[in-house]
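To start, the structure under review is shown below, and the notes come after it.
Just so it is clear, none of the values below were taken in a lab; they were calculated from the coordinates. This structure is a prediction, so every number in the text was calculated from the model and none was measured. Counting neighbours? That spans all protein chains shown, and the Cβs are built from the backbone with ideal geometry, glycine included.
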Amino acid sequence: MSNHEFYENPLCGRYAGEEMQRLFSDDFKFSTWRRLWIALAESEKELGLDISDGQIEQMKAHITDIDYDRAAAHEREVRHDVMAHVLTFGECCPEARPIIHLGATSCYVGDNTDIIRMREALLLVRRQLVNAINELKKFAQKYKSVPTLAYTHFQAAQPTTVGKRATLWAYDLVNDLEQLDFQLGRLELLGCKGTTGTGASFLELFDGDEGKVEELERLIAAKMGFSKCAPVSGQTYSRKCDFAVLQVLSGIAQSASKFSSDVRLLSHLKEVDEPFASKQIGSSAMAYKRNPMRSERIASLARFVINDVQNAAFTAASQWLERTLDDSANRRLSIPEAFLAVDGIMNLYINVISGLRVYPAVAQKHLLEELPFMASENILMYCVKHKGADRQTLHERIRVHSVAAAEQVKLHGAENDLLERIMTDEAFGLTEEELKKLCAPETFTGMAGHQTEKFIKEYLDPVIEKNGELLGLEASVNV
């Protein structure tokens, strides 16, 4: 059967990296089920149940050699994925077969594996965030003093610097990292609470000893690398946990989409170019095109993630009492695909910002086109203060000259000649040197350079220094 005959998820083939794909693979999922069954058996043995070392060793010898064909055959017959794998595991561990899954319900392996997998996936995303923040720091540092026209409503506004604009992107990611760390710190295993969360089956196993039932969860959590389990639950952990995690991913997608939109707008202005391969084709029709394809892809994937979080919201809202199964099929799609898409988004983000090419001369050209209007107030104040001019008279002269200059620009496509008009107007009495000094672009960027340096020192450097071991991530684009 050819791979090209049937649909394959493009998140795997085109966008997500191999590490993230492995976390959501069958191998990771079902080997984790087996590790959880081993942790359960070991803990039950430690608390006095009749389970032998030989049974546990036999289970440990078969963590990864999963017979998927056999499991599929069992599932076709029993219509139950967990029992299909219990039976498959038991066939390769005949001595341990009687005690596999002892006292547990399906969610013991299913939900605990989902928590383990989300934790590992969040750690991968965390690494990407740190590397993106590091690249943004380098970019902001390099361009902290390069003036550029700022925009509100995508209309010309007061100037800023290229580096200062990058701090806006970086601050969003710093906030995302804080949210990720908060949710990562809150993740807890479901534990082993039985069919309705009461622990009744385990209380029976331990002859009514409630202390041993509670200790069982502590032992399992420790073996799986967690400090605690959920204090209460039905059969499943609260699906609000999934929503909280996907909300973090949605936040990252929002930040990345904003960044990509800015790059696309600046690309239109020809002030920046995202990385462009030597043989890359921008358009099948227009050979000259250099479309910001990578940034467009970020926006496209981000839209998917932002919408996907609603799946988790509806699932959390629609759970019945202690358990219903209308969450299962949805979660098999919504959780893995959110992580796979964010993995692709962050890979693209790092790739774009690390190779983003800036054109200061074009930025200056756009700035100088608008600067005469912005400089008019400074000119007015200077002439009143140093030339003894009348403020009201000059205000009217500037208004008249501004209207005439704007008319030439808009009606005839001419250059903005406002400064020339002011220069030749004797009412202002300005020399060419004075006018040039008053209109120097760097005098209009306010505290942008200082703000950039301060932000790097107080926000970005601490993140980078704290997470130095995560740096060095390579980001390449598949297609």
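Summary of values
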read-out	value
Mean Cβ count within 10 Å, highest first, over the residues of peptides 24-36, 381-393	24-36, 381-393
Residues whose placed amide H lies under 5 Å from that of VAL146, excluding near-sequence neighbours	VAL162, GLY163
Where only C-alpha atoms are counted, convex hull volume of the stretch 16-99 per residue in Å³	104 Å³
Karplus (6.51, -1.76, 1.60) ³J(HN,Hα), θ = phi - 60°, over the stretch 375-391, in Hz, Gly and Pro reported as x	7, 4, 5, 4, 4, 4, 5, 5, 5, 5, 6, 10, 10, x, 7, 8, 4
The stretch 187-262: trypsin sites (Lys or Arg not before Pro) falling in loop per DSSP and having at most 16 other Cβ within 10 Å	LYS228
For the stretch 362-444: relative contact order, % (alpha-carbon pairs under 8 angstrom, 6 or more apart)	37 percent
Net charge contributed by nearby residues that have their C-beta within less than 10 Å of SER52 (K/R +1, D/E -1)	-3
Dipole of the chain [Lys/Arg +1, Asp/Glu -1 at C-beta], most positive-end residue of MET381, GLY429, LEU36	GLY429
Helix 68-78 vs. the chain, principal-axis angle (Cα, 0 to 90°, nearest 10)	70 degrees
Rg/Rh for the stretch 362-444, where both radii come from Cα atoms and Rh is the Kirkwood radius	0.96
Rounded to 10°, Cα long-axis angle of helix 106-142 versus longest principal axis of the chain	20 degrees
Radius 15 Å from Cβ of LEU266, net charge of other residues (Lys, Arg +1; Asp, Glu -1)	+4
Whichever lysines have a C-alpha closer than 18 Å to that of LYS142, once near sequence neighbours (fewer than 8 apart) are set aside	LYS164, LYS454, LYS457
Point-charge dipole on Cβ atoms (K/R +1, D/E -1) for the stretch 16-99, about Cα centre, debye to 20	180 debye
Under Karplus coefficients 6.51, -1.76 and 1.60, residue-wise ³J(HN,Hα) of the stretch 16-27 in Hz, glycine/proline x	7, x, 5, 4, 5, 5, 5, 4, 9, 7, 4, 4
Assigned charges on the beta-carbon of Lys, Arg, Asp, Glu; the chain dipole about Cα centre (debye)	1620 debye
Pairwise centroid distance, computed over Cα atoms, of the stretch 357-412 with the stretch 221-279, Å	44 Å
Cα-based helix-to-principal-axis angle, 210-223 vs the chain, degrees rounded to 10	50 degrees
Hz values of 3J(HN,Hα) by residue in the stretch 351-361 - Karplus curve (6.51, -1.76, 1.60), Gly and Pro given as x	4, 5, 5, 6, x, 5, 9, 9, 10, x, 5
Positive-end residue of GLY110, ASN175, LEU87, charge dipole of the chain with Cβ unit charges	ASN175
Within the stretch 54-129, trypsin sites (Lys or Arg not before Pro) in DSSP loop having at most 10 other beta-carbon neighbours inside 10 Å	ARG79
Low-density loop cleavage sites - GluC sites (Glu not before Pro) in the stretch 12-118, where at most 16 other Cβ are within 10 Å (DSSP)	GLU95
Straight-distance crosslink candidates among aspartates and glutamates, where the alpha carbon sits under 19 Å from LYS410 and sequence neighbours closer than 8 are dropped	GLU369, GLU370, GLU420
Rg followed by Dmax, in Å, when the chain is reduced to its Cα trace	31.0, 104
